[in-house]
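> Below are the structure tokens for one structure; questions will follow.
The values are calculated or read from the model by the stated rules, or taken from the named source; none is laboratory data. Computed from a prediction, not measured in an experiment: that's the story for all the values here. Using ideal geometry, Cβ is built from the backbone for each residue, glycine included, and neighbour counts are taken over all protein chains shown. These accessible areas exclude ligands, DNA and RNA; they are computed on the full protein's heavy atoms, side chains included. Shrake-Rupley method; radii C 1.70, N 1.55, O 1.52, S 1.80 Å.
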Amino acid sequence: MRRKNYLRILFLSGICSLAILNGCGEKGNAPSDTGVAESTMPDGEASAGTQVQSGGEASEGTQAGEGESGQGASGALGEFSLQDINGEDYTQEMFADYDLTLVNIFATWCPPCIGEIPDLQKLRDEMEDQGVNVVGIVLDGIDETGNVDSAAVETAKLLAERTGASYPFLIPDAEGLNGRLSGVSAVPETFFVDKQGNIVGETYSGARSLEEWKSIVEAELEGAAQ
């Protein structure tokens, strides 16, 4: 409750000056100016990602550009049934209407994650006609016991409001999306799914700008079409 009120006050006060390169410390000990960070990095570099320890907590260090373009696991993601932060139901059928879906795994306490949300929304707006969708997964939406973390969900709702995100923010299930989330060591982490529900292409660690994501998605679209 204390963390929830802390973040609510910061978001509603509109303090948005933290740069992505600062990363973030341990969960619950974010810098006092945490807010919607700028998402564009100089020289087209990936921003720092935040390491995740067991229990979903952040480590004190950050990963800057590490795993910039790693090979992602391929194969069917499998059947699932998740709810978003507003209680709407989603299954694997959500992928069928798009050639490619960008799945962005983030945490509500991670400034780099927050910073790229507006660009991910712009990406969806600009590339939906090309068959591209965007989905977010709130990694800290469940606690260590697999139960919904209501404080994190409320924070995610504030994030959606503050950043203008209209794409779904999904809450993980107890199985971690058929085990896909169990290997996440740093956030944000992004992977792609084709319309058959198969994980395709690369897995990307760290936040990126709109232009960087557009280039990546265009390349992934070509690969998915082959």
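> Quick one: accessible area per residue over region 126-204, 1.4 Å probe, rounded to a whole number of Å²?
38
> Compare Lys214, Lys122 by solvent-accessible area with a 1.4 Å probe and give them largest first, with all protein chains kept in place. Present the calculation step by step, with values, prior to reporting the outcome.
Details: Lys214 45, Lys122 100 Å².
The residues order as Lys122, Lys214, largest area first.
> So, by mean Cβ neighbours within 10 angstrom, what's the order for 141-149, 99-107, 192-200 with the highest one leading?
Descending packing order for the listed peptides: 99-107, 192-200, 141-149.
> Could you pull out every residue, at least 5 positions away or on a different chain, whose amide H is within less than 5 Å of the one on Asn133? Hs are placed 1.01 Å off N in the peptide plane, and Pro or chain starts have none.
Under 5 Å from the amide H of Asn133: Leu100, Thr101, Leu102.
> Can you tell me which of 179-186, 129-136 comes out highest on packing, and rank the rest after it, using the mean Cβ neighbours within 10 Å?
With the highest mean Cβ count within 10 Å placed first, the list reads 129-136, 179-186.
> Also, I was wondering about something else. Classify region 82-143 from the C-alpha gyration tensor, please: rounded if a/c falls under 1.5, else prolate or oblate depending on whether a/b exceeds b/c.
Oblate, since a/c reaches 1.5 and b/c is not below a/b.
> Counting only protein chains, not ligands or nucleic acids, how are Asp119, Asp97, Asp125 ordered by accessible area (probe 1.4 Å), most first?
Details: Asp119 15, Asp97 125, Asp125 95 Å².
Sorted descending by solvent-accessible area, the residues read Asp97, Asp125, Asp119.
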